[in-house]
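S.K.: Attaching a single structure in structure tokens format; questions to follow.
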Amino acid sequence: DVAIAKLGAAEADLVVAQKSLGDSVLVAPMNGIVAQRHAQPGERVPLDAKVVTVVDLTRLELGASVPAARIAQVKVGQPVAFRVDGFGEREFAGRIERINPSTAAGSRTITVYAVIDNPEGVLRSGLFAQGGVILERLENALVVPASALREESGQTYVYALEGGTVRRQTVKAGPGDGAGNVPVLEGLRAGDVIVRHNLGLLREGAPARVAPSGAASVAPAAAR
């Protein structure tokens, strides 16, 4: 009986020793790259201390602020296009995965989170980006510079040049693409000539002529 009791005690000690041995081996919960080391070899650390920080670059998350007035147009699953500082004009893409249920204190903006597939590891954690959510895609839309549009009494219009005179043309414009281009859904046709820059109020019927750099032609293009 004494020998059996000693055997049981030894087996219990073995379990404790095996657990201690297992605790001495650190296993990462995911594949990744060690971004930061919080402890040095041989250093004694408590059980809940950080030892290393592991980063998985194959799938990143982008957090961005959206004005509360536009959040009703943002949906989970919508595509996101953005540019990252340091990568020039290169454009990256992702999709919205979740939307914060409340606004940020003091800013009246809502944070949305997009997932970015980054299999080549080109992007890094902590970078700054600028971009937008693609709410709608219009193919072969008529696009005009945003500077050509004017608003008055709730109406949007442009100044068109027709027959050597200035004509005020009411238009229906869509959302801009963030690069200074705005699609015109109604009111203009391809080939119409409009005043490109905001010159203030122009007199209806005033004589005008087209200078090489003084007007812009409406052309079909793809707008987002």
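S.K.: Open to solvent by 70 Å² or more (accessible area, probe 1.4 Å), more than 22 Å from residue 137 (Cα to Cα), touching a residue at least 12 places away in the same chain (Cβ under 8 Å) and not charged (D, E, K, R), is that true of residue 106?
M.R.: For residue 106, the condition - open to solvent by 70 Å² or more (accessible area, probe 1.4 Å), more than 22 Å from residue 137 (Cα to Cα), touching a residue at least 12 places away in the same chain (Cβ under 8 Å) and not charged (D, E, K, R) - is not met.
S.K.: Residue 151 fails exactly one of the following numbered conditions: (1) closer than 26 Å to residue 65 by Cβ; (2) at pLDDT 80 or above; (3) surrounded by 11 or more Cβ atoms within 10 Å (Cβ to Cβ). What is the number of that condition?
M.R.: (3)
S.K.: Can I ask one more? Tell me which residues, restricted to the stretch 175-215, are modelled with pLDDT of 80 or more, more than 13 Å from residue 159 (Cα to Cα) and either under 33 Å from the mean Cα position of the chain (by Cα) or among the β-branched types (Val, Ile, Thr) (or both).
M.R.: Those that are modelled with pLDDT of 80 or more, more than 13 Å from residue 159 (Cα to Cα) and either under 33 Å from the mean Cα position of the chain (by Cα) or among the β-branched types (Val, Ile, Thr) (or both): 181, 182, 183, 184, 185, 186, 189, 190.
S.K.: Is it the case that some residue within the stretch 19-33 is charged (D, E, K, R) and either within 25 Å of residue 126 (Cα to Cα) or within 34 Å of the chain's Cα centre (by Cα) (or both)?
M.R.: Checked the stretch 19-33: no residue is charged (D, E, K, R) and either within 25 Å of residue 126 (Cα to Cα) or within 34 Å of the chain's Cα centre (by Cα) (or both).
For every residue, the table says whether it meets (1) touching a helix residue (DSSP H, G or I) at 6+ places or on another chain (Cβ under 9 Å); (2) free of Cβ contacts under 8 Å to residues at least 24 places away in the same chain; (3) farther than 20 Å from residue 181 by Cα; (4) among the polar types (S, T, N, Q).
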residue: 70; (1), (2), (3), (4): no, yes, no, no
residue: 78; (1), (2), (3), (4): no, no, yes, yes
residue: 83; (1), (2), (3), (4): no, no, no, no
residue: 95; (1), (2), (3), (4): no, yes, yes, no
residue: 98; (1), (2), (3), (4): no, yes, yes, no
residue: 110; (1), (2), (3), (4): yes, no, yes, no
residue: 132; (1), (2), (3), (4): no, no, no, no
residue: 135; (1), (2), (3), (4): yes, no, no, no
residue: 138; (1), (2), (3), (4): no, no, no, no
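S.K.: Could you tell me which residue of the stretch 184-206 is farthest from residue 142 (Cα to Cα), considering only residues that are small (Gly, Ala, Ser) and without any contact (Cβ under 8 Å) to a residue 40 or more places away in the chain?
M.R.: Here the residue is 200.
S.K.: So, one more: Given the residues 137, 95, 124, 90, which is the only one that is surrounded by 12 or more Cβ atoms within 10 Å (Cβ to Cβ) and either more than 20 Å from the chain's Cα centre (by Cα) or under 30 Å from residue 184 (Cβ atoms) (or both)?
M.R.: Of 137, 95, 124, 90, the one residue that is surrounded by 12 or more Cβ atoms within 10 Å (Cβ to Cβ) and either more than 20 Å from the chain's Cα centre (by Cα) or under 30 Å from residue 184 (Cβ atoms) (or both) is 95.
S.K.: Give the residues of the stretch 154-174 that are open to solvent by 50 Å² or more (accessible area, probe 1.4 Å), modelled with pLDDT of 85 or more and more than 19 Å from residue 137 (Cα to Cα), sorted by residue number.
M.R.: Scanning the stretch 154-174 gives 155, 167, 168, 170.
S.K.: I've got another one for you. Taking residue 67 and the conditions (1) modelled with pLDDT under 90; (2) surrounded by fewer than 11 Cβ atoms within 10 Å (Cβ to Cβ); (3) over 30 Å from residue 27 (Cβ atoms), which numbered condition does it fall short on, given that it satisfies the others?
M.R.: For residue 67, the failing item is (2).
S.K.: Given 80, 84, 52, 115, which one is open to solvent by 60 Å² or more (accessible area, probe 1.4 Å), among the hydrophobic types (A, V, I, L, M, F, W, C) and in contact with a Lys or Arg (Cβ under 8 Å, 6 or more places away or on another chain)?
M.R.: Criteria check complete, one pass: 52.
S.K.: Out of the stretch 34-50, which residues are of a type in the set (D, E, K, R) and either in contact with a helix residue (DSSP H, G or I) (Cβ under 9 Å, 6 or more places away or on another chain) or under 27 Å from residue 123 (Cα atoms) (or both)?
M.R.: Those that are of a type in the set (D, E, K, R) and either in contact with a helix residue (DSSP H, G or I) (Cβ under 9 Å, 6 or more places away or on another chain) or under 27 Å from residue 123 (Cα atoms) (or both): 37, 50.
The values are calculated or read from the model by the stated rules, or taken from the named source; none is laboratory data. Just so we're clear, the structure is a prediction, and the values are computed from it rather than from any experiment. Using ideal geometry, Cβ is built from the backbone for each residue, glycine included, and neighbour counts are taken over all protein chains shown. These accessible areas exclude ligands, DNA and RNA; they are computed on the full protein's heavy atoms, side chains included. Shrake-Rupley method; radii C 1.70, N 1.55, O 1.52, S 1.80 Å.
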